[in-house]
1. Cβ-Cβ distance below 7 Å, separation of 6 or more or different chains: which pairs start in the range 133-151 with a residue that is at positive phi and end on one that is assigned to a helix (DSSP H, G or I) and more than 6 Å from the ligand (Cβ to nearest atom)?
2. When the range 42-52 is examined, which residues are found to be over 15 Å from V9 (Cβ atoms) and either in contact with a His (Cβ under 8 Å, 6 or more places away or on another chain) or not charged (D, E, K, R) (or both)?
3. Do you know which residues across the range 15-39 are farther than 18 Å from V68 by Cβ, within 16 Å of the ligand (Cβ to nearest atom) and among the hydrophobic types (A, V, I, L, M, F, W, C)?
4. Considering the range 335-366 alone, what residues qualify as being in a loop (DSSP other than H, G, I, E, B), surrounded by 18 or more Cβ atoms within 10 Å (Cβ to Cβ) and within 11 Å of the ligand (Cβ to nearest atom)?
5. Give the residue that is nearest to R59 (Cα to Cα), with candidates limited to residues of the range 445-493 that are without any contact (Cβ under 8 Å) to a residue 60 or more places away in the chain and acidic (D, E).
6. Could you list, in sequence order, all residues of the range 97-118 that are buried (at least 19 other Cβ atoms within 10 Å of the Cβ) and more than 23 Å from S353 (Cα to Cα)?
7. Name, by its number, the condition in (1) buried (at least 20 other Cβ atoms within 10 Å of the Cβ); (2) more than 22 Å from R249 (Cβ to Cβ) that does not hold for G404.
Amino acid sequence: MNESIDAAVAAWREALGQEHVVTSVESLERASTATFPTNASVVAILRPGTHDDVQAALRIANRFELPVYPTSRGCNWGLGSSVPTRDAVLLDLSRMNRIVDFDPRLGFLVVEPGVTFQQASQFLRDQQSTFFLPVPGGPPQGSLIGNIAERGEAAGPYGQRADFVANLQAVLASGDCVHTGFGRFPKASAKHLHRHGVGPNLEGLFTQSNLAVITQLTVWLTPSPQVLKPFMARIGRPDQLNQAIDTSRELLLHRVVETNGIGLWNSHKMASTMGGYPWQAMDGKTPVDIERFPSEPWLIGGAIYAASPEIADATAALVQQKLNAVTTDWQWGDSNDSQNVYLGVPTEHNIRSAYWRKKGGLPTHINPDRDRCGLIWMCFAIPLIGQELVDVINAVQPIVLQHGFEPNLGINCVNGRCAHLYLSIIYDREIAGEDERAVACHDQVMILLRDLGHLPYRLTLLSMDSLPPSGDDHQRCLQSIKRALDPKSILAPGRYDVVQD
Ligand SMILES: Cc1cc2nc3c(=O)[nH]c(=O)nc-3n(C[C@H](O)[C@H](O)[C@H](O)COP(=O)(O)OP(=O)(O)OC[C@H]3O[C@@H](n4cnc5c(N)ncnc54)[C@H](O)[C@@H]3O)c2cc1C
């Protein structure tokens, strides 16, 4: 790579401007740092300002056969941050941060990759929009497009972000540009509104993949409810978690509560967002004594979105009544709280958990990569069946404890059928041996759940190669597509890769 990189850097500087091609050692080191150990390095950083710049950058990469790894904001904390899957040139799209269009009647935004949740949320407030953008528990400075490229999820309706988009504008490795749905017809009236358009829709090829760089897309917004009623309660006894999950399924299936409207957290997850590790009580030892700091109680929380106060009250009464037998300590949030995360107000609240084991506490500006926070995020798709989830939790907890970490677990009820189970392995990268223990823990949990048939729905840099072999011709099919679109394999090689080395 060394010989071609110098010539390529010269070509990129000419195309993008001198200052938008970064090669300083500090910048490259920063971009090559995640919240867990990684192998690959960023060898240069390109900062295109326009869609045309992206096309030019990829054509040069192709000419010199140099791998390029796109990030929108690079805040993929817990999953790999901005570190590429293999040594690569980082295509940092954060300068492309325009909100290109907003339709206040139909409720959509058209955004570039650098647009953050914070920016979009503020924009909608400034516009006094009657729609809001659901936000993830992740960083407010994360991007809509990076999050969608990962098929991330947010709180409340439309929370499965990648299901509520249209008209992706994507640049292929060759520099060619394609749009999804109706987007290829510039005059199509429904191009922002009709996801599949007519004929084969390419959209599925461009998320969790390495087939294109998304330079723009349309995001559908959620209509703001007349009344929001956030709630939280404790699961009464450990053996009632099972029933609470089954009841949540019924509430979601019957649409009493909206999709992504119920989550369950164990006490370790809750504690990690509320404050630091109990160093004093534990006499400086890790992990916590599970007898004194058990995983219970689990908490169940969510929000009701209603078209009137009467509907909100009736729904709230029904939800509480259904869950009453297995819950205690009900709290209903303030319906007038317009700052609620369930109304699309981004917050750093959950990100604080990355500092759980850091003795120095929280800095003014949170940056887990810089601060050597250890965090590995694991997320699995599991049927929304109480006993099945409880069995998985009971199998995972001892492994995490044996490796010296707290079983920090949460469940998001994605819809009435499936849950996402999250495990956060949180530690301090400054402590010798912790990185290795955390990776070993990750690997053991991954193998255990994979062998039980519970697969991750989103991968970290540590788990890109962890999927079982497919039982059909899926791999061959995707290999053909990859080779057709990116014959020199310059786009994010190794990312959700279909071409195995
Ligand atoms: C405590 C904590 C809580 C979190 N909670 C959530 C949560 O609730 N929901 C959630 O989804 N995530 C969550 N995250 C994970 C993560 O922080 C977010 O998903 C975040 O939005 C990702 O960062 P980003 O938007 O800057 O994406 P980036 O880092 O820019 O991108 C992520 C990946 O997508 C690909 N990509 C990015 N842009 C493009 C593009 N334009 N074209 C093609 N591919 C691209 C890249 O390969 C990149 O590695 C959490 C993390 C932490 C630490």
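1. R151/A162
2. G49, T50, H51 - these are the residues of the range 42-52 that are over 15 Å from V9 (Cβ atoms) and either in contact with a His (Cβ under 8 Å, 6 or more places away or on another chain) or not charged (D, E, K, R) (or both).
3. Those that are farther than 18 Å from V68 by Cβ, within 16 Å of the ligand (Cβ to nearest atom) and among the hydrophobic types (A, V, I, L, M, F, W, C): A34, F36.
4. Across the range 335-366, the qualifying residues are P346, W356, I366.
5. D465
6. G107, F108, L109, V110, V111, E112, P113, G114, V115
7. With respect to (1) buried (at least 20 other Cβ atoms within 10 Å of the Cβ); (2) more than 22 Å from R249 (Cβ to Cβ), G404 is out only on (1).
Residues checked against (1) touching a Phe, Trp or Tyr at 6+ places or on another chain (Cβ under 8 Å); (2) over 17 Å from A149 (Cβ atoms); (3) crowded, with 21+ Cβ neighbours inside 10 Å; (4) not β-branched (V, I, T):
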| position | (1), (2), (3), (4) |
| --- | --- |
| L448 | no, yes, no, yes |
| D451 | no, yes, no, yes |
| L455 | yes, yes, no, yes |
| M464 | yes, no, no, yes |
| P469 | no, yes, no, yes |
| H474 | no, yes, no, yes |
| R483 | no, yes, no, yes |
| S489 | no, yes, no, yes |
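The values are calculated or read from the model by the stated rules, or taken from the named source; none is laboratory data. The model shown is predicted, which means the values in this text are computed figures rather than measured ones. Note: ideal-geometry Cβ built from the backbone for every residue, glycine included; neighbour counts use all protein chains shown.
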